[in-house]
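I have placed the structure first, in the form of structure tokens, so that the comments after it can refer back to it.
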Amino acid sequence: MKPLHGLRVLDLTTVLMGPYAGQILGDFGADVVKIESREGDVVRQIGPKRHDQMGPLFLNSNRSKRSIVLNLKSDKGRDTFLKLVEEADVLVTNIRPKAMERLGLSEDTLTQANPRLIYTALVGYDQTGPYADRPAYDDLIQGGACLAHSFTRTGARPAYVPTAIADRVVGVAAVNAILAAVIERERSGLGQRVEVPMFETMVSIVLADHMGGLTFEPPLDQGGYPRHLSPDRRPYQTKDGYICALVYNDGHWKRFFEAIGRPDMPSADPRFTSFSSRMDHIDEVYAELSEILLTRTTEEWLALFFEADIPAMPMHSFASVMTDPHLVSTGFFETVLHPTEGMIRTMAVPAKFSRTPAAMSRLPPLLGEHGAEVLSEVGFDANAIAELVSNGALFISEE
């Protein structure tokens, strides 16, 4: 039995943030039902695929779920959805609140149908502020939360982190908030609204590192953690490639200089004498390290760092990480047979539970694959389901 066995979740989300949160809950054992439109979640169409509606971005954000397609703009579809709400513990939605109201699915309507419901709204911005009604996407939030600016502080052009970091991080934050509300409901017996805003969540994460002197009033500087913003804080070029290394504390630097035959360096150069002096001269320290690491191959440096107990890793590509010896040993990547997509590669749940192990419970679903199954569990018989299909309120995959 998995940690969240028995928790029933309705996943009324699209793209990445909400679906990723739902996938985590499903991997942890919740029964997650993904509610989709007839067109399906747009990410079904992204990336190389063997069949329409089953792209890799969807496959890697929507496992451990069942899929039902409802036309929420129809009375029958709306009433069917409310029947599902009556039996649910959690609803997660990233539909903007005003759009939910237009569908006749406001927070008040849903909590009247189920007072124990944990109504989780994933929004772009805190709904009490002037940005409340604005759309939000990962790129916008990265820019607004200072991530793009941070590149300029290293001397580079403004840039986005080349992954949907805001969607993924806020998805994890949503899981934290949902589980806190679940625990509270065990005491009170009551549901509640949980709001998780992308903008505020990411600002709090980025500025935890980079508030710097802006922490104080009046400010002591213009913010920024110098080590993170150093131009040479990056994978270091070697004779034949790149390496990721962090020579950080006094012990690391002592062993590093001993290993390369320069044991007098910490005492001879005041920039390297102590942690504080290295932080005061971090750009020069990292530039010096960059020059040194050009003198040997990646494998030579990895062996030296391992022997000296200095943190280091190879710089992987998307393909090479799949053959990393540690991940191979732990079985992180697994190839499984999907009934329509053939052999697909999946990733393990990183968190480990000693008594209630978490793992993928279902392969990513076809669009509308589980409609009849889900509705039969809340009291719909075959005739009622057939009627919903005939009037366009429900779509069921024929594959």
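Just so you know, all these numbers are worked out from the coordinates, no wet-lab data involved. Every value quoted in this text rests on a predicted model; they were computed, and no experiment measured them. We place every Cβ from the backbone using ideal geometry, glycine too, and count neighbours over all the protein chains shown.
As a check on your grasp of the helix formula, calculate [θ] at 222 nm for the chain: sum -39500 (n - 2.57) over DSSP H runs of n ≥ 4, divide by the residue count, round to the nearest 500.
Roughly -11000 deg cm²/dmol at 222 nm, from the helical runs in the chain.
In degrees from 0 to 90, rounded to the nearest 10, what is the angle of the helix 165-188 Cα long axis to the longest principal axis of the chain?
Compared with the principal axis, the helix lies near 60 degrees.
Before anything else, pin down the relative contact order of the chain: Cα pairs under 8 Å, at least 6 apart, normalised by residue count, whole percent.
Computed over the chain, the figure is 20 percent.
Any idea how far apart Met343 and Met313 come out in nm if each label point goes 7 Å out from Cα toward Cβ?
Each label point lies 7 Å from its Cα, and together they span 2.7 nm.
Quick one: plug the Kirkwood hydrodynamic radius of the stretch 327-399 (C-alpha pairs) into Stokes-Einstein at 20 °C, 1.002 mPa s, and report D in µm²/s.
Taking Rh from Cα pairs, D becomes 140 µm²/s.
Calculate how steeply helix 198-210 sits against the longest principal axis of the alpha-carbon atoms of the chain, using the helix alpha-carbon long axis, and give the answer as 0 to 90 degrees to the nearest 10.
The angle comes out at about 10 degrees.
Can you give me the distance in nm between label points at Arg168 and Lys49, each placed 7 Å from the Cα along the Cα-to-Cβ direction?
A separation of 2.1 nm, rounded to one decimal place.
Let a ≥ b ≥ c be the square roots of the eigenvalues of the Cα gyration tensor of the stretch 200-358; is it rounded (a/c under 1.5), or, if not, prolate (a/b larger than b/c) or oblate?
Cα axes put the stretch 200-358 in the oblate bin.
Can you give the charge dipole size of the stretch 1-63 about its Cα centre, rounded to the nearest 20 debye, using +1 on the beta carbon of Lys and Arg and -1 on the beta carbon of Asp and Glu? Intermediate values should be presented prior to the final figure.
Details: 8 positive and 7 negative charges, 30 e Å.
Roughly 140 debye, rounded to the nearest 20.
For the Cα atoms of the chain, what angle does the longest principal axis make with the long axis of helix 298-308, in degrees from 0 to 90, nearest 10?
80
Lys34: which lysines have alpha carbons under 19 Å from its alpha carbon, excluding same-chain residues fewer than 8 sequence positions away?
Excluding near neighbours in sequence, the set is Lys65, Lys73, Lys76, Lys83.
For the stretch 339-399 and the stretch 130-181, what is the separation of their C-alpha centers, rounded to whole Å?
For the stretch 339-399 versus the stretch 130-181, the Cα centre distance is 30 Å.
With the calculation restricted to Cα positions, what are the radius of gyration and Dmax of the stretch 236-314 in angstrom?
Answer for the stretch 236-314, Rg first and Dmax second: 11.8, 33 Å.
Excluding residues on the same chain fewer than 8 positions from Lys352, give the aspartates and glutamates whose Cα lies under 13 Å from its Cα.
Asp27
Starting from the Cα of Lys239, draw a straight line to each of the lysines and keep only those under 29 Å, dropping any in the same chain fewer than 8 residues away.
Straight-line reach from Lys239, under 29 Å: Lys254.
Find the relative contact order for the stretch 236-314 and round it to a whole percent, using C-alpha pairs within less than 8 Å whose residues are 6+ positions apart.
Computed value for the stretch 236-314: 48 percent relative contact order.
Arranged from highest to lowest average of other beta-carbon atoms within 10 Å per residue, in what order do the peptides 253-264, 196-207 appear?
196-207, 253-264
Cα centroid distance between the stretch 225-278 and the stretch 1-78, in Å?
Taking the Cα centre of the stretch 1-78 as reference, the centre of the stretch 225-278 is 46 Å away.
For the chain, give the magnitude of the charge dipole about the Cα centre (Cβ charges: +1 Lys/Arg, -1 Asp/Glu; no others), in debye to the nearest 20.
Values: 39 positive and 52 negative charges, 56 e Å.
Roughly 260 debye for the chain.
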